[in-house]
Amino acid sequence: MKNARLVPAAALLGAATLALSAASPEASSDLRVALERLVRAARVTNGAYDTIRGLTDTVGPRLSGSPADARAVAWAEAALTARGFSNVHAETVTVPHWERGEESAEIVSPVPFRLSLCALGGSVGTPAGGVEAEVVEAQSLEGVDALGGKAKGKIVFVWKVMERRSDGSGYGATVPIRGAAASRAAKVGAVGALIRSVGTSNARLPHTGSLRYEEGVPKIPAAALANPDADLIHRLLADGKTVRVRFALGARTLPDAVSANVLGEIPGREKPEEIVVLSGHLDSWDLGQGAVDDAAGLGIAIEAARLIGQLPIRPRRTLRVIAFANEENGLAGSRAYAKVHAAELPFHVAAIECDDGAGRVSGFGWTAGLSAERTLASVAEILKPFGVGDMKKGGGGADVGALRAAGVPLFSPIQDSSRYFDVHHSADDTFDKIDREELNTGVAAMAALAYALADSEAPLERIPEADRIVRRER
Ligand SMILES: [Zn+2]
């Protein structure tokens, strides 16, 4: 950890209340020049694209606690050092260590068919030889509860179609099933839980992601079916057929392991103790290469900060890139950062998290004090002609969510997620899915916003006390 130069909190808070007088014309024109320069550089850079390729092709899938996770930490330290960052270091984080093992599934009757499925992250394995039982369907978690005695000794199958939406909101409407289906099914006596994948693709590739077992409820094995396979079972059941499925999961949880958050900085020229965070997560699920989730976000954050570091004059405040550990199955990296850096959080003036893929970015969602709106509007006005000037209330993310309790203004890109959930958490999340031109809209937006936040005369108004409750964002 870097030793922050601490300034009295009262002085900082006083500054924040005076902060938002309109910038002087000169400052405004300087800002415009810097932002336009950054956007132009971002449009033609290969930096983010090459960073993503480095992480995906040389490290590959890197689930927390795996040997590849350790290689990813070493890669991140080397990548930040090679790109000229200061204070590059890894901060140890204890993470869960779950392994998938071998898995298989089939419809036994009425028509034998080999199914494509994957265990949900954190699932227990099945007994050797697998679980075989009749399938009963529900279409929601409440529907699982309503099965009551009909689920006893059966495999509960939750069939809900995730809708494709450009803002990705179909995910929020479906993902609670992934998290809770196993325990809800166990409560009504099921021996296993299957879900239609939380994903929008019709490829025969299942989408994994974490589940959460409830305390005091038997842990039953749980897996996601590829969407075409889930739809087949749904049709057979709709026809009134009795469907028997067998599935075997080799999943197991090992003792906790060691990973790390990796940090690197572009020191500020006037107020180096004040920090703007640019972040993504270093870990990934195990099935693909973790390219869109989240090598892309990390690539964007690193390149945006690097481009700012290339300007003739650095911004006033320090830019800190954080590659978070263990976003996917625990958020241990996020919690560890907030704890280790607690004394510094009053001097974190903003945190930006990029974890929505590599699609086109049109601006940012933000969470801060109300008066931030005026400042952000002046930044948006400069960025609008470049297509990255949208600003809307409501920003943040799973990793920076832990900073909310300290009132740190939070940002996340407004991103076209219409294709993101075709590959998210599946074997299809590979480097070829990255479009460099679309990716660079994210670099442009993030570089411009980070610069504006790091060089403003005073920081944005922080999140009001009443809104600082840490929400569980996933
Ligand atoms: Zn992610």
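The values are calculated or read from the model by the stated rules, or taken from the named source; none is laboratory data. Predicted model only: the values in this text are computed from it and were never measured. Glycine also receives a Cβ, built like all others from the backbone with ideal geometry; neighbour counts cover every protein chain displayed.
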Say we look at segment 122-181 and pick out the residues that are assigned to a helix (DSSP H, G or I), free of Cβ contacts under 8 Å to residues at least 24 places away in the same chain and among the small types (Gly, Ala, Ser); which of these is surrounded by the most Cβ atoms within 10 Å (Cβ to Cβ)? Gly143
Considering every residue within segment 92-110, establish whether at least one is in the same structural domain as Ala445 (by TED's automatic domain parsing), farther than 25 Å from Asn329 by Cβ, surrounded by fewer than 21 Cβ atoms within 10 Å (Cβ to Cβ) and not hydroxyl-bearing (Ser, Thr, Tyr). no
The one condition Ser284 fails out of (1) crowded, with 24+ Cβ neighbours inside 10 Å; (2) within 16 Å of the ligand (Cβ to nearest atom); (3) farther than 21 Å from Asp435 by Cβ is (3)
So which strands (runs of 3 or more DSSP E) stay within segment 356-474 end to end and still have 1 or more residues that are within 16 Å of the ligand (Cβ to nearest atom) and out of contact with any His (no Cβ under 6 Å at 6 or more places or on another chain)? 361-367, 410-415
Leu319 - would you say it is in contact with a strand residue (DSSP E or B) (Cβ under 7 Å, 6 or more places away or on another chain), more than 16 Å from the ligand (Cβ to nearest atom) and not in a strand (DSSP E or B)? no
Could you say which residue among Leu254, Leu236 is over 30 Å from Leu80 (Cβ atoms) and either assigned by TED's automatic domain parsing to the domain that holds His341 or surrounded by fewer than 24 Cβ atoms within 10 Å (Cβ to Cβ) (or both)? Leu236
Restricting attention to segment 108-121, which residues are assigned to a loop (DSSP other than H, G, I, E, B) and closer than 19 Å to Ala186 by Cα? Leu120
Condition check for Asp356: surrounded by 23 or more Cβ atoms within 10 Å (Cβ to Cβ) and not assigned by TED's automatic domain parsing to the domain that holds Gly179: yes
Just one listed residue, out of Arg71, Arg184, Arg164, is in the same structural domain as Gln415 (by TED's automatic domain parsing) and of a type in the set (Lys, Arg), and it is Arg71
